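Here the structure is laid out as structure tokens; the discussion comes afterwards.
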Amino acid sequence: MVRVSWREDLLRQQQHIKDEGRWRKRKMIGSAQHSLVVADDCWLTNFSSNDYLGFASHPILSLAATNAQDKWGTGAGASHLVCGHQSPHEALESELAEWLGAQRVLLFSNGYMANLAICTSLADKGDLILQDRLNHASLIDGGRLSAADFKRYKHCDLEHADTRCSLSSFNSLLLVTDGVFSMDGDVAPISGLKNLVDEFQGILCVDDAHGFGVLGDQGRGSLSHHGLKPEGNVVMMGTLGKAFGVYGAFVAGDEVIVEHLIQTGRNYIYTTALPPSIPATASASLKMIKSNWLGFKRALHENIELFRGEASRLGLPLTDSLTPIQPIIIGDEHKCLAISDRLLDCGFLIGAIRYPTVAKGSARLRVVISASHTEFQIRALVNALNDSIKSSVGGSEGVSGAELK
Ligand SMILES: *Cc1c(COP(=O)(O)O)cnc(C)c1O
């Protein structure tokens, strides 16, 4: 063993990250979240946030938040099981349960913690957690943290998922998938996965961070998109910080499953409840969605179609995604960064997503379309993308999404 100082050790690791083109910097946003934001003191058109419906700075919701804070104060004071479970938490749980057709809904501080609780509480020693290889990092971490055996199957590959179940021995099965994949925007084969868990008497959990408020009947999400509900052996995790424009998350499902999370979910039990103004504001988001779903849906989907139509007309490397997440796969990490820097110079904020968030050599521009973008902004973006990609070193060739799967 050669002993090295902690500083030398950390700096060496950091140099390695830099050498691989994976160094990340935060931009300081000096305005509310909107399609136009001030980033590092410049106005930029924002195509990188998950604010799919433009709710994050909607005046009706800001007012709801202010009113709720006046009434309820700023903090919940304790965890749900001590004395932090207040009426706004309870009200939102009931409203979501009714809307989604679930027996019960449980609020969590955020999606990351909900996913850790699902994986550690619904699967134990001797059980199998089976996950799509491209699931969100929080689910992967949940799988690692759980006492259950943890395996992954090839992205959206039902046959491989089936084989992995058939060749494993386990007491019970927890199959977990993103509903809409966060970096690719494609939708999981949920009906096929449901058949698989039925066959093995297991549970299917769908992380719908990107489908909730976006897909399905009235925006109810990916399950609804497939004609399913969070009931019986199907569980849904939804987040409130993306389409809903607020913060927090929930699990919806069967009474027995939800009660199990309350009794055994360490990420539920040992943390302070959300400030009560948060669920109160999310209730207002739900009300907005219920009252004008068709309007939001039309605005969002017309924008997605406009983007795809214009981008394909110019021959940009689109994937098959029909959701707001429209990745442009570039491949090389350095090249992807260079293109996103050029886009910044043109006034567009777009995430350059690299390893370890996505596989090495599959770096991409993660273009995210929102209902709040204007036609002009989208047309200008496509032109800027075209110019930046075509003038980048090595030309416009990207790896297609299909080659990565
Ligand atoms: C954002 C996200 C999460 C985490 O949710 P937070 O509420 O932000 O912690 C979980 N899963 C997926 C697929 C996500 O995109």
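The values are calculated or read from the model by the stated rules, or taken from the named source; none is laboratory data. Quantities reported herein were computed from a predicted structural model and do not represent experimental measurements. All Cβ positions, even for glycine, are placed from backbone atoms using ideal geometry, and neighbour counts span all protein chains on display. Only protein heavy atoms, including side chains, enter the accessible area calculation; ligands, DNA and RNA are left aside. Shrake-Rupley method; radii C 1.70, N 1.55, O 1.52, S 1.80 Å.
Classify segment 222-353 as rounded, prolate or oblate from the Cα gyration tensor: take a ≥ b ≥ c as the square roots of its eigenvalues, call it rounded if a/c is under 1.5, otherwise prolate when a/b beats b/c and oblate if not. Prolate shape, in that a/c is at least 1.5 and a/b is the bigger ratio. With each pseudo-label sitting 7 Å past Cα toward Cβ, what's the residue 312-residue 6 distance in nm, one decimal? Each label point is offset 7 Å from its Cα along the Cβ direction, giving 5.4 nm.
A simple charge model with +1 on the Cβ of Lys and Arg, -1 on the Cβ of Asp and Glu and nothing else charged puts the dipole of the chain at about 920 debye relative to its Cα centre.
The modelled label-to-label distance for the pair residue 39/residue 154, using points 7 Å beyond Cα in the direction of Cβ, is 3.5 nm.
For segment 1-81, carbon and sulfur atoms together expose 54% of the accessible surface, with a 1.4 angstrom probe and every protein chain in place. Heavy-atom accessible area with a 1.4 Å probe sorts 268, 112, largest first, into 112, 268.
Accessible surface for residue 225 stands near 100 Å², nearest 10, in the context of the full protein assembly shown (1.4 Å probe).
Neighbours of residue 353 by Cβ distance under 9 Å: Lys/Arg scored +1, Asp/Glu scored -1, total +3. Taken about its Cα centre, segment 68-196 carries a charge dipole of about 340 debye when Lys and Arg each add +1 at the Cβ and Asp and Glu each add -1 at the Cβ. All other residues whose Cβ lies under 14 angstrom from that of residue 44 are scored, Lys and Arg at +1 and Asp and Glu at -1, for a net of -2.
Placing unit charges on each Cβ (+1 for Lys and Arg, -1 for Asp and Glu) gives segment 221-350 a dipole about its Cα centre, and among 263, 295, 274 the Cα reaching farthest toward its positive end belongs to 295. Ordered from longest to shortest, the equivalent ellipsoid semi-axes for the chain are 33, 27, 23 Å, each the square root of 5 times a Cα gyration tensor eigenvalue. If R0 equals 41 Å, the separation of the Cβ atoms of residue 301 and residue 91 corresponds to a calculated FRET efficiency of about 0.85.
Solvent exposure of residue 350, expressed as accessible area, is near 10 Å², computed with a probe of 1.4 Å over the protein chains only. The residues packed around residue 114, meaning those with a beta-carbon under 15 Å from its beta-carbon, carry a net charge of -2 if Lys and Arg are +1 and Asp and Glu are -1. For segment 76-274, averaging the sequence separation of C-alpha pairs within contact (under 8 Å, six or more residues apart) and dividing by the residue count gives a relative contact order of 28 percent. Here is the size of segment 76-274 from its Cα atoms: Rg then Dmax, 15.5, 48 Å. Beta bridges per DSSP, both residues in segment 76-274: antiparallel share near 40 percent.
Shape verdict for segment 108-199, please, from the Cα gyration tensor: rounded (a/c under 1.5), prolate (a/b greater than b/c) or oblate. Judged from the Cα gyration tensor, segment 108-199 comes out oblate (a/c at least 1.5, b/c at or above a/b).
Accessible surface computed residue by residue for the chain, with neighbouring protein chains in place and a 1.4 Å probe, gives 45 Å² per residue. Here segment 39-53 is scanned for amide nitrogen atoms under 13 Å from the site 7 Å beyond the Cα of residue 28 along Cα-to-Cβ, giving 39-42.
Across all C-alpha atoms in segment 10-125, the radius of gyration and Dmax reach 20.0, 53 Å. Within the chain, DSSP assigns beta bridges of which about 55% are antiparallel (rounded to the nearest 5).
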